[in-house]
Amino acid sequence: MTPLLGLVLAGGRSTRMHLDKASLTYGARPQLAVAYDLVARHVERAFVSVRPDQAAEPLRSRFPQVVDGAEGRGPIAGIIAAQARHPDAAWLVVACDLPYLDDATLDALVRGRDARRLATAFRSSHDALPEPLCAIYEPTSRAAILAQVSAGRDCPRKFLLSHDALLLEPLRPDALDNANTPADAEAARAALSSAGAA
């Protein structure tokens, strides 16, 4: 099986949150640091995906980086840049704004991986669609991703829907819920604090 590297997507503009989602805390540490350590436990090496203008930002500069290139927009740009840097590796790609994500969920993804497919992802518990930002992209997906982007399609979910991806059922329905707004962040803090006290 090909090597598995990790990519934490932290290149977003956080427009709905009005604050940098990577720097939010749901406990004692910034979410980016939590997500990076979580992913790093399941791969050979982990990186943080950033836009060029974020590379020197104090939080992001603490981690090994993959900097977006000119191809693609949004999360798929990070995936393309990672695949260009290490084209023979598979990539465990995780968004930095998943405060409920845990080791058991990533372990299930890694164990369920089918390297013969272009990708392995979870099926959303909300709408049964693929969850593209907690998924493994095999090196064989690179050409197909580039072709999709060249055709003007930058959505990684649509990529998974239209290509050979294995979809797994999530262990917990909330594990892949993201925090996009201040209300989402407050709800996550309350839920995680309550779980920690239980």
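What value, in deg cm²/dmol to 500, does the helix sum -39500 (n - 2.57) over DSSP H runs of n ≥ 4 give at 222 nm once divided by the residues of the chain? Please list the in-between numbers first.
Details: 6 runs with 63 residues, N = 198.
Helices in the chain give a 222 nm mean residue ellipticity of -9500 deg cm²/dmol.
For the stretch 45-87, go through all pairs of different Cα atoms, get the mean of 1/r, take its inverse, and jot down that Kirkwood value in Å. Intermediate results must be reported in sequence, preceding the final value.
Values: mean 1/r = 0.0962 Å⁻¹.
Result for the stretch 45-87 stands at 10.4 Å.
Kyte-Doolittle mean at least -0.5 and Cα extent at least 20 Å along the axis: which DSSP H helices of the chain qualify?
On the way: long enough: 182-197 (22 Å, 0.19).
Result, helices passing both filters: 182-197.
Using alpha carbons only, what's the Rg to Rh ratio of the stretch 79-166 with Rh from Kirkwood? Kindly include the intermediate steps, with their values, before the conclusion.
On the way: Rg = 12.5 Å, Rh = 13.3 Å.
That ratio is 0.94, to two decimals.
Along its principal axes, the stretch 38-113 has C-alpha extents of 34, 28, 21 angstrom, given from the largest down.
Across the chain, the convex hull enclosing all Cα atoms gives 114 Å³ per residue.
Rule-based calculations on the coordinates, nothing more; no lab input. It should be emphasised that the depicted structure is a prediction, and the values quoted were computed from it without experimental measurement.
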